[in-house]
Amino acid sequence: MKKQSIWLLAALTAVLVIGCNMQKGPAEQAVAGAQAALDAVRDAAQKYAPEQLGGVEAQLSDMKGNFQKGDYAAVLAGAPALTAAISSLKDAANAKKAEAEQALAKAKDDWGPASAAVPKMVDDLAKRVEALSKGGKLPKGVTKDAVTAAKSGLDSLKSTWADAANASTSGDYTTAMAKAQAVKDKATALMKSLGMTPAS
């Protein structure tokens, strides 16, 4: 009876080993496939969907851990979810990339008018500050503090505009327009404080 039990145990062990070995190949393929799929979208994901990429990398790491432990069943069970996550990551990265390209195209179109209008605003403001700084009575509603603030604000405007121009030169029109808008907003506020009517 004992001998029979040993034979039975040996047979069951053999079945388990064979079953395990049968799962090893597919599990290995699942890990390699997931790694290749993630590698294919990694660059875009790092740029456009970094947070989502972190989650997918954690899932892949878990899968590799299960493989190293020999838990091939867990690897195969987790493969569909990881495949879906990588597909979702790819879609998210592509959508964000399309948005970024659209924003860049719009910023590039907007840069032409802005590159003419904004420096003119800064120039007009500088002329107004110079005129009001010469002394004499200030116009109604304009304070000495407002003139002082505008005078010190001009350097900041010119510096930010230089950054915007540099960004446009390097082709980064999104940053260029963000900085141009910042200059325009600040210049508009300063012009109003000096009794000027900014161009719309």
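The values are calculated or read from the model by the stated rules, or taken from the named source; none is laboratory data. Keep in mind that this is a model prediction, so the values were computed, not measured. So basically every Cβ, Gly included, is an ideal-geometry build from the backbone, and we count neighbours across all protein chains shown. What goes into the accessible areas is simple: the full protein's heavy atoms, side chains included, and nothing from ligands, DNA or RNA. Shrake-Rupley method; radii C 1.70, N 1.55, O 1.52, S 1.80 Å.
Could you rank Leu76, Leu38 by how accessible they are, 1.4 Å probe, largest area first? If you can, show how the numbers build up before the last one.
Working: Leu76 60, Leu38 0 Å².
Descending order: Leu76, Leu38.
Quick one: accessible surface of Lys186, probe radius 1.4 Å, all protein chains present, in square angstrom to the nearest 10.
Rounded to the nearest 10, the figure is 80 Å².
Along the Cα→Cβ direction, 7 angstrom out, place labels at Asp163 and Lys97. What is the inter-label distance in nm?
About 2.9 nm separates the two model spin labels.
Please give the length that would be gained between Lys69 and Gln29 if that part of the chain were fully extended, namely 0.36 nm times their separation in residues minus their C-alpha to C-alpha distance (nm, one decimal). Each step should come with its number before you reach the end.
Numbers: separation 40, 0.36 × 40 = 14.40 nm, distance 1.60 nm.
Full extension of this stretch gives 12.8 nm more.
Would you mind checking the tilt of helix 2-48 against the longest principal axis of the Cα atoms of the chain, expressed as 0 to 90 degrees and rounded to 10?
Once rounded, the angle reads 20 degrees.
Using the alpha-carbon atoms, what tilt in degrees (0 to 90, nearest 10) does helix 173-193 show relative to the longest principal axis of the chain?
So the inclination is approximately 40 degrees.
Tell me, what % of the accessible area of the stretch 43-97 is carbon and sulfur with a 1.4 angstrom probe? Don't skip to the answer; put the middle values down first.
Details: 1600 of 3130 Å².
Heavy-atom surface of the stretch 43-97 belonging to carbon and sulfur, 1.4 Å probe: 51 percent.
In whole Å and largest first, what semi-axes does the C-alpha gyration tensor of the stretch 29-68 yield when each eigenvalue is scaled by 5 and square-rooted?
That gives 20, 12, 5 Å for the three semi-axes.
Enumerate the calculated ³J(HN,Hα) couplings along the stretch 124-138 in order (Karplus 6.51 cos²θ - 1.76 cosθ + 1.60, θ = phi - 60°), each rounded to whole Hz, writing x wherever the residue is Gly or Pro.
4, 5, 4, 5, 5, 4, 4, 5, 6, 7, 6, x, x, 6, 7
Stretch Gln46-Lys151 to full length: gain in nm at 0.36 nm per residue minus the Cα-Cα span? Mind showing how you got there, number by number?
Details: separation 105, 0.36 × 105 = 37.80 nm, distance 4.30 nm.
Contour length minus the Cα-Cα distance gives 33.5 nm.
Taking 20 Å as the cut-off for C-alpha to C-alpha distance, list the pairs among Lys137/Lys186; Lys106/Lys158; Lys120/Lys151; Lys24/Lys90 that go past it.
Working: Lys137/Lys186 25 Å; Lys106/Lys158 24 Å; Lys120/Lys151 16 Å; Lys24/Lys90 28 Å.
Listed pairs above 20 Å: Lys137/Lys186; Lys106/Lys158; Lys24/Lys90.
Identify which of Ala105, Ala77, Ala164 has the largest mean-square fluctuation in a Gaussian network model of the chain, with springs joining Cα atoms closer than 10 Å.
Ala77
With every protein chain present, what is the per residue accessible area of the chain (1.4 Å probe, Å²)?
63 Å²
Between Glu57 and Lys192, with labels modelled 7 Å along Cα→Cβ, what's the label distance in nm to one decimal, could you check?
The answer from the label model is 4.5 nm.
Give me the one-decimal nm value for the distance between modelled label points at Met22 and Asp172, 7 Å along each residue's Cα-to-Cβ direction.
5.8 nm
Ignoring everything but the protein chains, give the 1.4 Å probe accessible area of Asp163 in square angstrom, nearest 10.
The accessible area of Asp163 comes to roughly 70 Å².
Roughly what angle does helix 50-69 make with the longest principal axis of the chain, taking Cα atoms, 0 to 90 degrees, to the nearest 10?
Helix 50-69 sits roughly 20 degrees off the main axis of the chain.
In what sequence, largest accessible area first, do Thr197, Thr83, Thr160 appear using a 1.4 Å probe?
Details: Thr197 130, Thr83 90, Thr160 35 Å².
Of Thr197, Thr83, Thr160, the descending order of accessible area is Thr197, Thr83, Thr160.
Sort all Cα-Cα distances of the chain into consecutive 10 angstrom bins from zero, then give the percent of pairs in each bin up to the one containing the longest distance.
Using 10 Å bins, I get a P(r) of 8, 21, 15, 13, 12, 10, 8, 6, 4, 2, 1, 0 for the chain.
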